[in-house]
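Colleague: Here it is, the structure, as structure tokens.
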Ligand code: PHE
């Protein structure tokens with residue numbers, strides 16, 4: 001038994017890896033291992049012999065098992081040491097720079113517009129970008145044969161043959177939100193509705209998708225004078241300087257009377273400056289809501305009246321931040337976004353400045 005002990009305890013302590021250790025285990029205490037075979041011989045011994053050999057064999061087996069476990073642990077430790085030596089990490093190295101995204105000028109300006117109108121008591125309404133032609137046209141007093149439909153360069157949604165749902169369009173303006181809001185909330189109301197609109201048009205100042213903000217104020221005594229005051233107050237807050245407006249009589253089927261509104265500006269040295277000079281730049285369409293439109297929205301035109309306007313968000317963003325080409329807004333060029341974008345922490349508020 002001492003022989004067995006000498007043979008295995010040493011070999012185990014020197015086993016070079018897990019495989020060698022396992023081979024030793026099988027050889028010593030496996031089912032047919034040397035120690036196990038010796039234990040089987042106990043049966044052939046006399047009771048006296050067995051009394052001495054039994055406990056001694058058990059003790060040897062326990063000792064071998066303990067040696068196996070100890071060597072296994074030390075091999076694992078050594079392996080870990082080895083890995084730590086090769087997989088080390090220099091935590092004092094400077095980290096890789098993180099790229100920080102920016103807020104798109106359209107998002108920033110939408111926030112600015114919202115903050116200014118919110119201060120004047122307007123809340124924000126929304127409508128779908130895919131709308132029926134009833135909301136986009138008919139309810140706004142633009143019947144099927146009206147030339148305004150053709151002028152709008154409308155994108156129509158595809159309809160399979162036999163599909164007789166009403167025709168749907170990508171909304172060509174935010175004006176359908178007027179109808180949806182009136183249907184749901186009636187009058188009086190003061191809302192703005194910013195969002196995407198679509199027209200088949202593409203050049204330096206037109207993209208097939210662009211942004212508008214609609215305004216609608218209804219009450220018993222709202223007049224054109226309120227419209228003019230609200231717009232001048234808006235532009236002065238938005239551009240941070242007093243801005244004159246010019247109303248030019250114009251026609252939109254959903255207002256009567258209707259006006260296009262220009263803001264005062266100067267074109268000098270190739271740059272536009274708003275709020276000074278003798279030139280004018282068109283920025284929106286507006287007017288007093290047509291009685292047929294009020295009726296389509298379920299509002300009684302004998303009790304209520306009000307104004308509406310629709311303004312190009314991209315247009316006023318270009319003016320305020322000196323951005324020359326509208327198409328760049330939607331090209332997702334990271335260099336452009338970095339240059340014209342805003343820090344996520346520059347949340348526009350009236351008190352913080354716009
Ligand atoms: N919807 C018009 C357009 O897109 C703008 C407008 C809105 C005009 C409200 C008058 C009143 O051109």
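Colleague: When the range 254-293 is examined, which residues are found to be more than 9 Å from the ligand (Cβ to nearest atom), in contact with a helix residue (DSSP H, G or I) (Cβ under 7 Å, 6 or more places away or on another chain) and not in a strand (DSSP E or B)?
Modeller: Answer for the range 254-293, where residues must be more than 9 Å from the ligand (Cβ to nearest atom), in contact with a helix residue (DSSP H, G or I) (Cβ under 7 Å, 6 or more places away or on another chain) and not in a strand (DSSP E or B): 275, 293.
Colleague: Any chance the range 228-237 includes a residue that's touching a strand residue (DSSP E or B) at 6+ places or on another chain (Cβ under 7 Å), within 11 Å of the ligand (Cβ to nearest atom) and free of Cβ contacts under 8 Å to residues at least 24 places away in the same chain?
Modeller: The answer is no; no qualifying residue exists.
Colleague: Can you tell me which residue among 145, 104, 158 is surrounded by 15 or more Cβ atoms within 10 Å (Cβ to Cβ) and either out of contact with any strand residue (DSSP E or B) (no Cβ under 8 Å at 6 or more places or on another chain) or in contact (Cβ under 8 Å) with a residue 12 or more places away in the chain (or both)?
Modeller: Residue meeting the stated conditions: 104.
Colleague: Filter the range 190-210 down to residues that are within 30 Å of residue 303 (Cβ to Cβ) and without any contact (Cβ under 8 Å) to a residue 60 or more places away in the chain, then give me how many there are.
Modeller: 0
Colleague: Looking at (1) within 14 Å of the ligand (Cβ to nearest atom); (2) at pLDDT 95 or above, can you tell me which one residue 223 breaks?
Modeller: Every condition holds for residue 223 apart from (1).
Colleague: Right, another one. In this structure, is residue 175 away from the ligand (no atom under 14 Å from the Cβ) and either within 24 Å of the chain's Cα centre (by Cα) or in the same structural domain as residue 333 (by TED's automatic domain parsing) (or both)?
Modeller: When the stated conditions are applied, residue 175 does not pass them.
Colleague: For the range 119-131, check the following and say yes or no: at least one residue is part of a helix (DSSP H, G or I), loosely packed, with under 15 Cβ neighbours inside 10 Å and at pLDDT 95 or above.
Modeller: yes
The values are calculated or read from the model by the stated rules, or taken from the named source; none is laboratory data. Just so you know, these numbers come straight off a predicted model, no measurement behind them. Cβ atoms come from the backbone with ideal geometry, glycine included; neighbour counts cover every protein chain shown.
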